[in-house]
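Asker: This is the structure, below, for whatever I ask next.
We did not get these values from a lab; they are worked out from the coordinates using the rules stated. Nothing here was measured: the structure is a model prediction, and the numbers come from that model. Here Cβ is always computed from backbone atoms with ideal geometry, including for glycine, and neighbour counts include all displayed protein chains.
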Amino acid sequence: MRILPHLSAAATALIISLLGPAPASPAAETLETAIRKMLEYEPELRASAWDAVSVRHDQKVVRGEMLPQVNISGSGGLYERDRSLDGLEASTSGPLFSRQLGVTARQLLWDFGAANSRNNSAKARARMQALMESAHAESRAVDMVEVFLEVLRLREQIRLSEANLAQHRKVATAMQDRFEQGGDRADLALVQGRLELSKTDLETQKLALEHAVGRYKRLTGREPGELQKPGIPRIPDHRNRIDLSANWYVLASREAIEMAEETRKAEQKEGGPKLFAEGGYSVGQDVLGIEGQDNEARALVVLSWNIIDGGRNVHRAKRGIALEKKAHELHKAANAEQRYQAGLLLSELEGAKNTIDALEEYSTRLKQVSSDYDEQFELGKRDILSILDVQNEQHSAQSRLVDATYEEIASRYRLLGLQGYLVSGLIGERKNSGRHIEVDGGLFKKPKTKE
C-alpha cells in the first residue's frame, strides 16, 4: 500500500492534544471504550469491511489475467463420417467412438500495457475502498461521540430540571399557604402554572434522554451505564491552520483519480493487437469420426486484433477520459467540502465559546442578583414572585450554559474527525495511511510518519 505524504512541520506542530478527563468512578465507561465497542458492533462497518475484502479479491482476479492460463479439455462420443477425398469415398463402416483429451497453456505476451493498466486501476480501487472503510468508521465515531455527549448533557439537564422543579414546588407550597391566609389567587395561579411548566420541561428532557439512549444502543448494541465525561481536544483556532491532508474522503478521492487514470489508459489500449504464447498437447482416438490414433503437440505465437468493432474501442477510450475528468472534479469537490465543513465547525465552536463566556458572566451576575433579592425579600421589599423570576432566569442560564458547553466539546471532536484523527487519536492507531498516533496518559502526541 502506498505511503501517504508527510504532514508539514506546521501541521504536525498543531496536532491536537487532549486535556485530562473529568474524574469518575472506576466503573464509568470512557469515550474510548464506547468507540471501541461501536467499531466492533456496528453491522454497517462490518459490511464496509467486507466491501474492502471483496474489492481486494477483484484486484486479484484482474491480476490473474496477466498470469499463465492452463486449460484441460476432453470429449467423447459417437461419430459417423461420410466424405470423399479427390473423388474417392472415405466413409466409415459405422459410428466410431471418438475420444480426445488435451491440455493447453496460454500466456499473454504483449497488449500495449492494457492488462497492466487494468491491474493498476484495480489496485487503486482497492486502496480507495480501504480508505472509504476508514472514512465510514471515522464518521460513525463522530456519531458515537455526539450520542455519548448527548447522554451526558441530558443527564445534567435532568438534574437541573429536577432541582428547578423542587424549587417551584417549594414556592407553590408557600403560595398555597399564603392564599389560604387570604393571599392573591392570581399569584397562586401563576406559580402553579410555572410549576406545571417545570414538570413538562423535566418530562421533555427525560424523553430526549430515552431517544439518546436508543441511539447509543443502536451504535453499541447495549444501553449506556455510567459515563465518564471526556476530555476536551485542543485544536487550531483558524481554518487555515486546520490540516485536512489526512481527511479520509480527500485521500480516497486521490486514489479515485489514480484509478480513473489507469482505467483510461487501459481503455485506450484495449483496441490494440494482443500477442499470446500458446502451447498444448492432446491425445485422441477416432477423432471426428476419422478412424485411428490422433495425437497433437503444438507451440504457437498467436496474434489477436479486432480491427472492426463497430466503434466500441473509440467510445471506450472516450468513456475513460470522461471518467478521469469526473474523478478530478470529485477530488476538487471533496477538498472544497471539507474546507467548508472546517469553516462551519470553527464558526460553531467560536459561537459556543462566546456563548459560554457570556453565560458564565451572566450566571455570576444572577447569583449576586438572587442574593440581593433574598435580602430584600427578608426586609419585605420583594415579593416571592420576584424571587421565583430570578430563580427561573438562573435555571435558564444554567441550562443554556450546559448546552453550550457540550456543543463546544462536540464541535472540537467533529473537527478532530474531519481531520481524520478521531479514531486514531482515541484508540491509538491510524490504519491505511502509514501514520500512527500514540496515546499516553490521555495526551494525543504528534503523528509519526513513515517512509
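Asker: Tell me, what is a quarter of the convex hull surface for the C-alpha atoms of the range 272-362, in nm² with one decimal?
Answerer: On the way: hull surface 57.3 nm².
The directionally averaged projection comes out at 14.3 nm².
Asker: Something else now. Grab the Cα-Cα distance for residue 326 and residue 199, subtract it from 0.36 nm times how many residues apart they are, and report the gain in nm with one decimal.
Answerer: Numbers: separation 127, 0.36 × 127 = 45.72 nm, distance 5.62 nm.
In short, 40.1 nm is gained.
Asker: At 0.36 nm per residue, and after removing the present C-alpha to C-alpha distance, how many nm does the segment from residue 174 to residue 277 gain when stretched out fully?
Answerer: On the way: separation 103, 0.36 × 103 = 37.08 nm, distance 10.15 nm.
Roughly 26.9 nm would be gained on extension.
Asker: Okay, moving on. What does the charge count near residue 68 come to, summing +1 for each Lys or Arg and -1 for each Asp or Glu among other residues with Cβ under 12 Å from its Cβ? Don't skip to the end; give the middle numbers.
Answerer: Numbers: positive: 106; negative: 65, 278.
Residues near residue 68 contribute -1 overall.
Asker: Please list log₁₀ I(q)/I(0) at q = 0.15, 0.23 Å⁻¹ for the range 316-424, using the Debye equation with identical point scatterers on the alpha-carbon positions.
Answerer: -0.78, -1.12
Asker: Report the label-to-label distance for residue 67 and residue 29 in nanometres (one decimal), using points 7 Å from each Cα along the Cα→Cβ vector.
Answerer: Those two pseudo-labels are separated by 4.5 nm.
Asker: If I take every Cα pair under 8 Å that is 6 or more residues apart in the range 263-330, average their sequence separation and divide by the length, what percent do I get for the relative contact order?
Answerer: Over the range 263-330, the number comes to 41 percent.
Asker: Quote the relative contact order of the range 34-160 in percent (integer), defining contacts as alpha-carbon pairs under 8 Å separated by 6+ residues. Numbers along the way, then the final one.
Answerer: On the way: 107 pairs, mean separation 43.9, N = 127.
Answer for the range 34-160 is 35 percent.
Asker: Quick one: which of 269/332; 274/326; 265/325 span more than 24 angstrom between C-alpha atoms? All intermediate terms of the calculation are to be shown ahead of the outcome.
Answerer: Details: 269/332 28 Å; 274/326 29 Å; 265/325 13 Å.
Checking Cα-Cα distances, 269/332; 274/326 exceed 24 Å.
Asker: Points 7 angstrom from Cα along the Cβ direction at residue 314 and residue 44: gap in nanometres?
Answerer: Inter-label distance under the simple model: 4.6 nm.
Asker: Taking K and R as +1 and D and E as -1, what net charge do the other residues with C-beta under 11 Å from the C-beta of residue 136 add up to?
Answerer: On the way: positive: 46, 140; negative: 42, 44, 51, 133, 138, 143.
Around residue 136, the surrounding residues sum to -4.
Asker: Another question about this same structure. Per the Kirkwood treatment, what hydrodynamic radius in Å, one decimal, follows for the range 183-306 from the mean inverse distance over all distinct Cα pairs? Show your work: numbers first, answer last.
Answerer: Values: mean 1/r = 0.0394 Å⁻¹.
Radius from the Kirkwood sum: 25.4 Å.
Asker: Also, I was wondering about something else. List the chymotrypsin sites (Phe, Trp or Tyr not before Pro) within the range 297-388 that DSSP assigns to loop and that have no more than 10 neighbouring Cβ atoms inside 10 Å.
Answerer: Numbers: sites: 305, 340, 362, 373, 377; in loops: 305.
Passing both the DSSP loop test and the Cβ count: 305.
Asker: Something else: Counting Lys and Arg as +1 and Asp and Glu as -1, what is the net charge of the other residues whose Cβ lies under 13 Å from the Cβ of residue 281?
Answerer: Around residue 281, the surrounding residues sum to -2.
Asker: What's the extension gain from residue 110 to residue 337 if we count 0.36 nm per residue and subtract their Cα-Cα distance?
Answerer: Details: separation 227, 0.36 × 227 = 81.72 nm, distance 4.29 nm.
Contour length minus Cα-Cα distance gives 77.4 nm.
Asker: To continue, here is another question. Run the numbers on the range 98-220 and let me know its relative contact order in percent, using alpha-carbon pairs under 8 Å that are six or more apart. Intermediate values should be presented prior to the final figure.
Answerer: Details: 47 pairs, mean separation 38.5, N = 123.
Normalised by residue count, the contact order of the range 98-220 is 31 percent.
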